[in-house]
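The values are calculated or read from the model by the stated rules, or taken from the named source; none is laboratory data. Keep in mind the model is a prediction, meaning the values are calculated, not measured. Glycine also receives a Cβ, built like all others from the backbone with ideal geometry; neighbour counts cover every protein chain displayed.
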Amino acid sequence: MTAASYAAVDWGTTSFRLWLVGENGDVLAERRSHEGMTTAAKTGFSPILEAHLAAVGAPAHLPVVICGMAGARQGWVEAGYLDTPAPLSGIVGAAVIVPDPNRDIRILPGLAQRAEEQPDVMRGEETQLLGAAGTLGNGNHIVCMPGTHSKWVRLTGGVVDGFSTFMTGELFDVVSKHSILSHAVAEGGAFDGDNKSFIEAVIRAGRNPAMTTNLLFTVRAGQLLHGLPALDAKARLSGTLIGLEIAGALSSARPGSGVCLVASGPLSALYRSALSALGLEPTIIDADDAVRRGLAAAACTLWPA
């Protein structure tokens, strides 16, 4: 049986994922839980990590590489930020050591854009970028990583030139629950990227983002005047916000940039459909695979033996 070489951890705000990786690069075991930074800050990061390592039979001195919120100011040990423009290769060199008597534990830093007129930060997504870079190669790319706070990164030849965060997921949550539109979408169930209302809303907002707040109100008016079903109202709200996000992101992209979507699950399908509706055919990379490959690249650099 292949011996374990290191453990890789993606430690989010509310989630924890660990992979035990063998000497041949194969994943030997995996653990997932809701013990994110919010929980770990109260109960302790080390006990949570050690419990999961014990559950997969990790050796006592196995090294661990971590990305995500464990490196935040309120996390385990602050890993700080690497300033843009930043080569992806520089991320590993800026990793911080977690004091531990038994293990070599490293936390990767985030990225910061310090321009006073457009400050921005990311933590965790930089490791996805590191993992996706091998697929993208050189040239100009704009990389979309959707989520509660979606990141769009301008990547040139392995260097992060800059990036923009869009609060699309959080805005959807706030507007759908705490605005007049809540009445229109309250009974709406799940929808996918093939939903006609979603696609039409993406196109309208993507082509005319200045009208977005008006387009949002059509969710309510459409229900009152035309009996727009709750599911389609929810899809229209989502499509309007995602169309606005894409229009904003593309406004700062270099001409001729290839578009890459790094995402998993339902969000991947929604964004792929939205991009296609606006005439874009992105390279698709699974987010789980990307972060795992990024952590693997970091581990190979930190512990080449």
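Here are some notes:
- Residue 54 more than 23 Å from residue 161 (Cα to Cα), surrounded by fewer than 17 Cβ atoms within 10 Å (Cβ to Cβ) and out of contact with any helix residue (DSSP H, G or I) (no Cβ under 7 Å at 6 or more places or on another chain): yes
- Residues in the range 1-38 that are over 30 Å from residue 73 (Cβ atoms), among the small types (Gly, Ala, Ser) and in contact with a Ser or Thr (Cβ under 7 Å, 6 or more places away or on another chain): 22 alone.
- Residue match in the range 295-303 (condition: within 17 Å of the chain's Cα centre (by Cα), outside the structural domain of residue 32 (by TED's automatic domain parsing), in a helix (DSSP H, G or I) and modelled with pLDDT of 95 or more): yes
- Some residue of the range 256-268 being outside any loop (DSSP other than H, G, I, E, B), among the small types (Gly, Ala, Ser) and more than 19 Å from the chain's Cα centre (by Cα): no
- Verdict on residue 68 being modelled with pLDDT of 95 or more, assigned by TED's automatic domain parsing to the domain that holds residue 19 and crowded, with 20+ Cβ neighbours inside 10 Å: yes
- Residues that are at pLDDT 95 or above and in contact with a helix residue (DSSP H, G or I) (Cβ under 6 Å, 6 or more places away or on another chain) number at least 3 in the following strands (runs of 3 or more DSSP E) confined to the range 131-222: 150-156.
- Search result, residues across the range 101-121 that are surrounded by 15 or more Cβ atoms within 10 Å (Cβ to Cβ) and either of a type in the set (D, E, K, R) or not in a strand (DSSP E or B) (or both): 103, 104, 106, 108, 109, 120
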